[in-house]
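Student: The structure's right below; bear with me while I get my questions together.
The values are calculated or read from the model by the stated rules, or taken from the named source; none is laboratory data. Just so it is clear, the structure is predicted and the values come from calculations on it, not from any experiment. Every residue, glycine among them, receives a Cβ derived from its backbone with ideal geometry; neighbour counts consider all protein chains shown. Remember, those area values only see protein heavy atoms, side chains included, never the ligands or the DNA or RNA. Shrake-Rupley method; radii C 1.70, N 1.55, O 1.52, S 1.80 Å.
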Amino acid sequence: MINKSSAIFNFFQNSRFTIIFFLLILPGNINAGIPSPHSHFGFKPGEDYKLFKYEPLIEYLEKLNAASNKLSMKQVGYSEMGKPLYTVFVSSEENIANLDKLKNINRELALNNELTSEQQDSLISKGRTFLFLAMSMHANEVGPAQATPDIVYELITSDGREFKKILDNTVLMIMPSHNPDGMNMIVEHYDKYKDTPYDGSRMPGVYHKYVGHNINRDFITLTQSENQAVARIYNTEWFPHVMVEKHQMGSTGPRYFVSPPHDPIAENVDAGIWNWMRVFGSRALTEMTEAGLKGISVNYLFDDYWPGATTTSIWKGVIGMLSEAASVNLASPIYIEPNELRTIGKGLGEYDISINFPKPWPGGWWRLSDILEYEKQNTFSYLKTASIHRKEILKFRNEYCKREVKKGKNKPPFYYIMPKKQHDQSELADLVNLLNKHGIKTHQLKEEVEVENRQYNPGDIVVTLAQPFRAFIKEIMEEQDFPARHYTPGGEMIRPYDITSWSLPLHKGVETIEVNTRNLKMEELLEETKSPYSIQTEKPKEYEHLLFTATNNESYKAAFKAMHKGLAVYRTKSSFEYEGNRYPKGSFIIEDHRNIDDVLDQLKTGPTFITNINVETQQIQHPRIALVESWFHDMDGGWTRYIFDTYNISYDALRPEDLREENLLNDYDLVIFTDESKSVLLNGKYERNGRVIIPRYPPEYTKGMGSEGHENILTFIDNGGKVIAWRRSAKLFTGPLSFEKDDEKQEFQLPFRDISDNLANEGLYVPGSLLKTKIREDHPVTLGMPETIGVFHRGSPVFATSIPYFDMDRRVIASFAKNEILISGYAEKEDLLAEKPAAVWLSKGEGQMILFTFNPQFRASTPVTYKLLFNALLMN
């Protein structure tokens with residue numbers, strides 16, 4: 001167990017400032033009236049078995065804000081469940097008084113590529129290094145948020161000369177909890193089961209309104225309000241120079257990880273970013289170890305090639321880093337035997353002294369208070385480094401800006417052009433607005449122009465790369481080519497930590513042309529797009545109906561909203577032309593109504609207003625939907641709820657055990673199974689390689705649907721119900737199946753199977769990539785879809801169909817291409833997928849099933865496949 005003396009004492013005890021520090025650290029009247037964490041919470045943060053919730057945390061920081069001129073709190077947004085989000089600024093009194101001026105300096109250094117040397121020097125002399133910490137976005141990683149009161153208190157009450165110098169040179173920005181909704185969920189769960197046999201158990205469900213752990217997979221698409229607030233801080237508002245995303249990791253490895261990361265790293269990121277990470281990480285490793293903390297690791301496990309986490313900021317000139325502390329059971333201490341210590345992944349082959357791990361922790365008791373001490377020492381080290389290198393860091397930020405803009409003018413690609421005429425115009429509008437959220441300027445053509453032998457029209461969108469965030473533009477607009485690195489020459493490849501494709505145009509289905517020749521004439525024809533960007537048609541005084549094309553995702557949003565409002569909604573039974581425009585089969589017609597403005601006000605693409613039309617239609621009704629979400633941190637279920645809420649789709653959320661109830665058909669038309677394992681859904685247990693693993697959830701959450709629930713689902717289908725399932729849950733319907741019908745056991749096997757294990761044995765490996773897929777025309781599930789798309793796939797499952805018998809049938813509604821299957825990302829032996837089914841429609845008895853081998857709504861980042869899901873919901 002580590003020494004519990006003052007974190008600042010530990011930090012400085014080995015420096016040449018020790019004597020001065022001791023003389024000046026004693027608090028005087030200047031700190032009178034500043035409450036300590038213990039006096040506010042009633043316990044010392046980090047104490048065994050004690051956690052505070054979000055509201056007491058904010059109340060304490062507000063007390064400090066009222067009592068000290070070294071602190072300022074600013075609200076920066078709201079959580080998905082409506083809690084206010086704050087950033088706390090800690091610095092010298094002078095810096096706090098001049099925050100607005102310092103903010104403007106940050107902006108100039110980050111975005112102004114035309115500063116003269118004199119102007120740059122002047123701003124640097126007046127500027128301060130801003131260090132931004134995002135705490136506990138994963139709410140079960142409680143340490144960073146619980147450490148915040150002590151960090152802030154010690155900073156504003158410590159008056160040593162060296163520490164005063166640090167605060168004079170730096171501004172610390174802390175988001176006390178990146179995920180306050182989840183923070184409260186975790187604390188409430190912990191308190192409920194504390195002092196029971198299930199003390200320290202996992203919280204059932206996701207610790208967020210929607211996405212749980214995947215809150216850290218959203219920094220390209222920015223769908224969640226908490227992430228939008230964080231992104232605004234470094235994209236468009238405060239432009240901090242250094243950022244740390246604070247996490248926790250497993251309990252049995254190193255005690256703490258600091259930057260730099262392990263390979264592979266992103267090739268579009270400036271070399272200086274990686275070098276600065278090493279400066280900060282090396283000093284932290286040294287200073288934390290000198291302070292008596294053991295088990296600090298660098299270059300371990302965590303890579304940095306993918307821009308989906310908070311550290312997406314590194315593509316934008318920010319020295320963005322990750323920290324990871326070894327976990328306890330929330331606030332319950334754990335004892336770790338030496339033989340239980342091990343390493344996993346990259347950077348450490350064994351748990352022993354290494355250049356990446358110079359002083360291993362020997363084992364023993366590990367407590368929440370230990371995590372807090374490591375967090376404080378790490379924060380103080382980063383502040384000291386930011387202070388020492390203030391001028392260099394600020395100069396680097398502006399020189400980075402200048403380099404990126406210059407590169408955008410002299411090195412291809414020079415532009416990405418998105419024609420205004422798109423298969424899905426709503427996704428074009430969404431992409432333009434998303435780029436603006438990222439601090440990227442977009443432009444429209446004012447006149448026709450020819451570029452690289454292609455004609456472009458007024459209104460076409462142009463993204464120039466001569467911008468300070470050029471690296472990010474290129475990263476998210478181009479197709480991905482995974483930076484394959486190997487442990488040894490010709491040896492094993494270093495596997496990716498997460499996915500390998502994130503190209504926004506490809507994932508959205510937006511046609512985008514990369515231009516590799518600079519065109520000065522075109523640059524003269526550009527005007528900046530207005531924000532928010534929309535493609536609207538003027539509403540006439542007289543009209544009878546509103547027409548929405550089936551090719552736009554927003555049309556489905558309008559249709560579901562209209563049905564929710566009680567408006568009549570129809571789908572066309574054939575394609576047709578209206579006023580020179582072609583509308584595909586399945587387009588929506590909505591009758592005008594006094595509530596129609598409630599439907600339109602969400603949209604960025606307008607409908608066609610019509611008076612009369614000669615096309616056959618069918619009225620549609622909103623189906624009664626049951627969405628099955630397991631208790632086992634079912635992030636995919638949460639993402640599905642997010643998509644449904646965003647698109648105005650009504651549903652009931654059921655747990656697997658709810659399916660044991662009979663007569664599903666009385667309450668629902670449709671049951672959806674998202675990406676969850678068959679063993680969890682059926683039995684409430686994990687199963688790996690044939691081995692059952694007992695989950696760490698309280699027993700009331702580990703029931704599963706059981707055989708009776710499975711039979712109820714099969715009976716539901718046979719009697720006319722509809723089921724949609726994707727990825728792992730599709731295995732619920734493979735192999736021999738049976739249910740009771742008319743007092744007889746009916747046994748059957750649906751005419752498809754999963755062949756992914758066989759393909760994996762032959763070398764198939766797809767770690768999350770975009771694969772070319774052919775779409776079956778004129779099927780109810782594929783209405784509004786183009787002929788070919790990229791499907792985000794992870795290599796499993798892969799279907800094969802067979803000739804049906806009895807009362808069953810099947811159709812392949814999507815299949816992988818024959819050649820050039822990989823569009824973006826990384827894959828091995830992808831040719832094994834050639835022409836294999838990617839999605840199938842099945843019938844059994846009076847019911848239907850739609851099964852996908854991929855997540856059609858993967859992390860709300862694959863709009864190109866949304867319509868497959870929406871059509872499946874509406875299929876009659």
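Student: Can you confirm whether region 328-345 contains a residue that is modelled with pLDDT of 95 or more, open to solvent by less than 10 Å² (accessible area, probe 1.4 Å), on the phi > 0 side of the Ramachandran plot and not in a strand (DSSP E or B)?
Tutor: No, region 328-345 contains no residue that is modelled with pLDDT of 95 or more, open to solvent by less than 10 Å² (accessible area, probe 1.4 Å), on the phi > 0 side of the Ramachandran plot and not in a strand (DSSP E or B).
Student: Any residue at all in region 400-408 that's assigned to a loop (DSSP other than H, G, I, E, B) and at pLDDT 95 or above?
Tutor: Step one: of region 400-408, the residues assigned to a loop (DSSP other than H, G, I, E, B) are none.
There is no residue in region 400-408 that is assigned to a loop (DSSP other than H, G, I, E, B) and at pLDDT 95 or above.
Student: Right, next: Determine whether region 805-818 contains at least one residue that is surrounded by 22 or more Cβ atoms within 10 Å (Cβ to Cβ), farther than 16 Å from D778 by Cα and in contact with a helix residue (DSSP H, G or I) (Cβ under 8 Å, 6 or more places away or on another chain). Step through it out loud before you land on a result.
Tutor: Here is the first cut: in region 805-818, the residues surrounded by 22 or more Cβ atoms within 10 Å (Cβ to Cβ) are 813-814, 816.
Filter once more, keeping what is farther than 16 Å from D778 by Cα: 816.
Filter once more, keeping what is in contact with a helix residue (DSSP H, G or I) (Cβ under 8 Å, 6 or more places away or on another chain): 816.
Within region 805-818, one or more residues are surrounded by 22 or more Cβ atoms within 10 Å (Cβ to Cβ), farther than 16 Å from D778 by Cα and in contact with a helix residue (DSSP H, G or I) (Cβ under 8 Å, 6 or more places away or on another chain).
Student: Let me ask another. Six or more apart or on different chains, Cβ atoms under 7 Å: show the pairs whose first residue is in region 624-648 and closer than 14 Å to L873 by Cα and touching a residue at least 24 places away in the same chain (Cβ under 8 Å) and whose second is part of a helix (DSSP H, G or I) and open to solvent by 20 Å² or more (accessible area, probe 1.4 Å).
Tutor: Once the first residue is closer than 14 Å to L873 by Cα and touching a residue at least 24 places away in the same chain (Cβ under 8 Å) and sits in region 624-648, its partners that are part of a helix (DSSP H, G or I) and open to solvent by 20 Å² or more (accessible area, probe 1.4 Å) give R624/D667; L627/R641; Y647/K557; N648/K557; N648/K561; N648/H564.
Student: If you don't mind, another one. If you check I823 against the conditions, is it β-branched (V, I, T) and part of a loop (DSSP other than H, G, I, E, B)?
Tutor: The answer is no for I823.
Student: Continuing with the same structure: Please determine, by comparing only the residues of region 766-793 that are free of Cβ contacts under 8 Å to residues at least 40 places away in the same chain and under 16 Å from Y583 (Cα atoms), which one is most open to solvent (accessible area, probe 1.4 Å).
Tutor: By that ranking, first place goes to E777.
Student: Somewhere in region 101-112, is a residue over 33 Å from the mean Cα position of the chain (by Cα) and either farther than 28 Å from P180 by Cα or at pLDDT 95 or above (or both)? Spell out how you get there, then give the answer.
Tutor: Taking region 101-112 and keeping what is over 33 Å from the mean Cα position of the chain (by Cα), we get none.
Checked region 101-112: no residue is over 33 Å from the mean Cα position of the chain (by Cα) and either farther than 28 Å from P180 by Cα or at pLDDT 95 or above (or both).
Student: Where residues in region 622-669 are touching a Leu at 6+ places or on another chain (Cβ under 9 Å) and small (G, A, S), which of them is surrounded by the fewest Cβ atoms within 10 Å (Cβ to Cβ)?
Tutor: A653
Student: Which helices (runs of 4 or more DSSP H) does region 53-133 wholly contain that include 1 or more residues that are within 25 Å of N235 (Cβ to Cβ) and without any contact (Cβ under 8 Å) to a residue 12 or more places away in the chain?
Tutor: Numbers: elements: 54-67, 93-97, 99-111, 117-126.
Ranges flagged: 99-111, 117-126.
Student: Now for a different question. Taking region 158-188, which residues are touching a residue at least 60 places away in the same chain (Cβ under 8 Å), open to solvent by 20 Å² or more (accessible area, probe 1.4 Å) and part of a helix (DSSP H, G or I)?
Tutor: Answer for region 158-188, where residues must be touching a residue at least 60 places away in the same chain (Cβ under 8 Å), open to solvent by 20 Å² or more (accessible area, probe 1.4 Å) and part of a helix (DSSP H, G or I): R161, E162, K164, K165, D168, N169, E188.
Student: Also, I was wondering about something else. What is the number of the single condition among (1) open to solvent by 20 Å² or more (accessible area, probe 1.4 Å); (2) in contact with a Phe, Trp or Tyr (Cβ under 9 Å, 6 or more places away or on another chain); (3) not aromatic (F, W, Y) that R688 does not meet?
Tutor: Checking R688 against (1) open to solvent by 20 Å² or more (accessible area, probe 1.4 Å); (2) in contact with a Phe, Trp or Tyr (Cβ under 9 Å, 6 or more places away or on another chain); (3) not aromatic (F, W, Y), the one that fails is (2).
Student: I need the full set of residues from region 357-388 which are open to solvent by 10 Å² or more (accessible area, probe 1.4 Å), part of a helix (DSSP H, G or I) and either β-branched (V, I, T) or more than 28 Å from L172 (Cα to Cα) (or both), in order please.
Tutor: Selection gives I388 alone.
Student: List pairs: first residue in region 674-703 and in a strand (DSSP E or B), second residue of a type in the set (D, E, K, R) anywhere in the structure, Cβ distance under 6 angstrom, at least six positions apart or on different chains.
Tutor: V692/K685
Student: Same structure, new question: Which of (1) open to solvent by 10 Å² or more (accessible area, probe 1.4 Å); (2) in contact with a strand residue (DSSP E or B) (Cβ under 6 Å, 6 or more places away or on another chain); (3) part of a loop (DSSP other than H, G, I, E, B) does L750 not meet, given it meets every other one?
Tutor: Of (1) open to solvent by 10 Å² or more (accessible area, probe 1.4 Å); (2) in contact with a strand residue (DSSP E or B) (Cβ under 6 Å, 6 or more places away or on another chain); (3) part of a loop (DSSP other than H, G, I, E, B), only one is false for L750: (1).
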